[in-house]
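The structure appears right after this line, and notes come after that.
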């Protein structure tokens, strides 16, 4: 019995060993054959080899940038120090004067500041492209090459409006440079690599796709960003965003983040926009732009309905500056620019890009939609003044009612004349056109449209209004259900709103 058990036990053990061997052989065969049998692996390896080749080609032209400012002594007149307290003076007695002078010297001393960013060489002579905010305020700029060399920049020039800057270095020999691509040809879903020096840890390569195009974030005055999910972090600013051909399609510029680091939403200046600025900075050290002299406003679906303009067409003029090329050409607030210099206008950002790159002093045709009809105008462009920026002042303080104020109307507004007190509160001249908003009823159609106390309403529909009576007459002729278009001035800026309808 015992021998039979042992034999039986031994037999089972032997069979078990055979099963394990067979399973191991099968697993080994599976591990060896699966990759070769799966065509996706070959595709993935091909993409990996592409990334490797792009990184190898571009990295030598990517630089790290360190900026330094001088230590300065600043005066703070009127500043209140805790040592001004009489109790401190009594405590220190006759020694207080010397201690106070020491403390004041310490307060006024601002130490040297350091900054870090990235850039890339666009010309073998030593021209580097980066962001303006990387070099703004710098007293000294140090460029660190990929091969370990450190070079002090000979000069640098920046254009804050577009956030583009160039830096020059003299290496004594030609430097590796990276070719420029065509950002207009990039499409959503295209692979890209972002290169730079995040957190000053050293040059880094990350991958992602183009997530969106034409993004406007409010960071800069001139925007039409490429959005990417390639990891971009502090320190990446100014580095290149490249396509799979190793061509630069953007300058990594900003991130949208709640954590302060990578959240998957990064923005890059399209290289086609940056190239025009960079060429001028290299040639003259400054940027010369043509301008119209208008304030443009994005159109909501309600505004498009009111003005009769379909999606993807037109730029709405909210304000025309006095003495500007647009003013001289007869452009008016409420006009919708449909075509400029032979280019169909899709939106305000595109129009800005068209205008600023045209020749100063030349006259160009412009087609506008005015009161439902197309009108052709001729405008002679001039150079944009260096201090010109769209004024967007907003008043937040509550206003006081004028003696001419009437009760809340159907729109939820109390309206008064523009007298001296109203003009002072609104920041306009006493002879300014329009009526003064003395109060806005909470949750009313006007409040939902964004009208505030202290605003000046210049037009209702197509009618100019200069008294409460004119306002009520013009508003009474329009339907609140269909929406009432108003031109509203707030400080030095004007914009259109639709009151009623689907606010």
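The values are calculated or read from the model by the stated rules, or taken from the named source; none is laboratory data. Remember, predicted model here, so these are calculated numbers, not experimental data. Counting neighbours? That spans all protein chains shown, and the Cβs are built from the backbone with ideal geometry, glycine included.
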Looking across segment 419-447 at residues that are out of contact with any strand residue (DSSP E or B) (no Cβ under 9 Å at 6 or more places or on another chain) and under 22 Å from residue 463 (Cα atoms), the single one that is modelled with the lowest pLDDT is 430
Just checking, how many residues over segment 140-151 are touching a residue at least 60 places away in the same chain (Cβ under 8 Å), touching a strand residue (DSSP E or B) at 6+ places or on another chain (Cβ under 7 Å) and more than 21 Å from residue 234 (Cα to Cα)? 0
Which of the residues that make up segment 104-136 are assigned to a strand (DSSP E or B) and modelled with pLDDT under 90? 109, 110, 114, 115, 116
Determine whether segment 291-307 contains at least one residue that is touching a residue at least 24 places away in the same chain (Cβ under 8 Å) and within 15 Å of residue 365 (Cα to Cα). yes
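Let's see how each residue does on (1) part of a loop (DSSP other than H, G, I, E, B); (2) without any contact (Cβ under 8 Å) to a residue 24 or more places away in the chain:
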| position | (1), (2) |
| --- | --- |
| 319 | no, no |
| 322 | yes, yes |
| 332 | yes, no |
| 354 | no, yes |
| 358 | yes, no |
| 365 | no, no |
| 369 | no, no |
| 374 | no, no |
Does residue 172 count as closer than 28 Å to residue 114 by Cα, surrounded by fewer than 21 Cβ atoms within 10 Å (Cβ to Cβ) and free of Cβ contacts under 8 Å to residues at least 40 places away in the same chain? yes
For residues in segment 308-317 being without any contact (Cβ under 8 Å) to a residue 60 or more places away in the chain and not in a strand (DSSP E or B), which is surrounded by the fewest Cβ atoms within 10 Å (Cβ to Cβ)? 310
Residue 491 - would you say it is within 32 Å of the chain's Cα centre (by Cα) and surrounded by fewer than 17 Cβ atoms within 10 Å (Cβ to Cβ)? yes
So residue 287, is it in contact with a strand residue (DSSP E or B) (Cβ under 6 Å, 6 or more places away or on another chain) and part of a loop (DSSP other than H, G, I, E, B): yes
With respect to residue 334, is the statement that it is surrounded by fewer than 19 Cβ atoms within 10 Å (Cβ to Cβ) and in contact with a strand residue (DSSP E or B) (Cβ under 9 Å, 6 or more places away or on another chain) true? no
Segment 137-165: number of residues that are in contact with a helix residue (DSSP H, G or I) (Cβ under 6 Å, 6 or more places away or on another chain), buried (at least 19 other Cβ atoms within 10 Å of the Cβ) and part of a loop (DSSP other than H, G, I, E, B): 2
Single unsatisfied condition, residue 323 versus (1) farther than 17 Å from residue 161 by Cβ; (2) in contact with a strand residue (DSSP E or B) (Cβ under 9 Å, 6 or more places away or on another chain); (3) at pLDDT below 90: (2)
Being modelled with pLDDT of 90 or more and in contact with a helix residue (DSSP H, G or I) (Cβ under 7 Å, 6 or more places away or on another chain): is that true of residue 296 here? no
Filter segment 234-253 for residues that are surrounded by fewer than 24 Cβ atoms within 10 Å (Cβ to Cβ) and touching a strand residue (DSSP E or B) at 6+ places or on another chain (Cβ under 7 Å) and give the result. 235, 243, 244, 247
When segment 469-482 is examined, which residues are found to be crowded, with 21+ Cβ neighbours inside 10 Å and at pLDDT 85 or above? 471
May I ask you to verify whether residue 236 is at pLDDT 95 or above and over 21 Å from residue 289 (Cβ atoms)? no
